[in-house]
Amino acid sequence: MQQSVCNVTLLVDDYDKGIEFYTHSLSFILLDDIKNGPNSRWVRVAPSHKLGQAGAALVLMKAEINQHQWIGNQTAGSVAFFLQTDNFQRDYENMLQKGVTFLELPRDEPYATVVIFQDCFGNKWDLLQAK
């Protein structure tokens with residue numbers, strides 16, 4: 001049996017704001033943007049890896065009124081997502097040029113070169129290149 005995690009939900013307050021950030025600032029691909037109700041869309045974005053390779057897409061889910069407190073804080077202040085790269089310096093510099101907010105300077109850890117950044121909703125991410 002072969003399994004993989006294919007999607008991860010990310011709460012947002014605006015679909016288009018999320019699409020803009022992820023496709024422009026992080027160079028993700030817009031996989032789906034399908035209207036499925038009066039105020040609901042099926043929106044998926046993913047890093048620009050080859051389709052069929054392992055890796056999850058983000059499902060941008062517009063928060064309901066009682067969920068707004070969790071936008072940007074789905075993991076109670078911890079790093080929520082991990083963006084792995086094959087060229088840390090290239091992607092770090094590209095993200096800096098596009099105005100991505102970094103919360104620290106890059107550092108070397110035993111497992112990777114890593115830096116924490118924030119998306120437009122306040123979620124913490126690690127950009128990392130494994131050693």
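The values are calculated or read from the model by the stated rules, or taken from the named source; none is laboratory data. Every value quoted in this text rests on a predicted model; they were computed, and no experiment measured them. Because the Cβ atoms are built from the backbone with ideal geometry, glycine has one as well, and the counts that use them run over all protein chains shown. Please note that ligands, DNA and RNA were not included when accessible areas were found on the heavy atoms of the full protein model with its side chains. Shrake-Rupley method; radii C 1.70, N 1.55, O 1.52, S 1.80 Å.
Structural remarks
- Cβ-derived FRET efficiency at R0 25 Å, Asn94 paired with Leu30, nearest 0.05: 0.85
- Only protein heavy atoms count here; under a 1.4 Å probe, Arg90 has an accessible surface of about 120 Å².
- FRET efficiency for the Asp126 to Arg41 pair, using the beta carbon distance and R₀ = 35 Å, is estimated at 0.80.
- Surface analysis of the chain yields an accessible area of 61 Å² per residue, using protein heavy atoms and a 1.4 Å probe.
- Accessible carbon and sulfur surface of the chain relative to its total accessible area, %, 1.4 Å: 50
- Net dipole in debye of segment 1-95 [+1 Lys, Arg Cβ; -1 Asp, Glu Cβ; about Cα centre; nearest 20]: 220
- Qualifying chymotrypsin sites (Phe, Trp or Tyr not before Pro) in segment 50-131, DSSP loop, other Cβ atoms within 10 Å at most 16: Tyr111
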